[in-house]
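Student: First the structure, then my questions, so here it is.
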Amino acid sequence: MPEEWTVLLVTYDLLEAEILKDLLESGDIPVQLLSAKVSPYPVNVGRMGEVKVMVREEDLEDAEEVLRRFREEPAETGNGTEELL
């Protein structure tokens, strides 16, 4: 049976999408990034700029929880202080 993928998040920032992909994959949640961007041309107009972060339907709830915790928890800045993302 083929896996069904669903959109977890749409962003216009490829770096943000890559960071989220790494975060989710570190929790054993497979991720696919889909984008209509054409490589040498950095077009960010409307849907041409979208990057969809896709997860398997069966992982959607876990991925949403990881994303929620990531956004709510403070991040270490490396100097002993904390700041919210």
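Student: For a Förster distance of 30 Å, can you work out the FRET efficiency between the beta-carbons of residue 58 and residue 16, rounded to the nearest 0.05?
Tutor: Rounded to the nearest 0.05, the efficiency is 0.80.
Student: Arranged by the count of other C-beta atoms within 10 angstrom, fewest first, what order do 68, 56 take?
Tutor: By the 10 Å Cβ count, ascending, the order reads 68, 56.
Student: Nearest 20 debye, what's the magnitude of the dipole of the range 5-73 about its Cα centre given +1 on Lys and Arg Cβ and -1 on Asp and Glu Cβ?
Tutor: My answer is approximately 480 debye.
Student: Further question on the same structure: Calculate the radius of gyration of the Cα atoms of the range 5-73 to one decimal place, then report Dmax, the largest Cα-Cα distance, as a whole number, both in Å.
Tutor: Values for the range 5-73 (Cα only, Rg and Dmax): 12.3, 36 Å.
Taken together, the values in this text are just the output of simple stated rules run on the coordinates, not laboratory data. Not measured: the values here are computed from a predicted model. Neighbour counts are summed over all protein chains in view; Cβ atoms, including those assigned to glycine, are modelled from backbone coordinates with ideal geometry.
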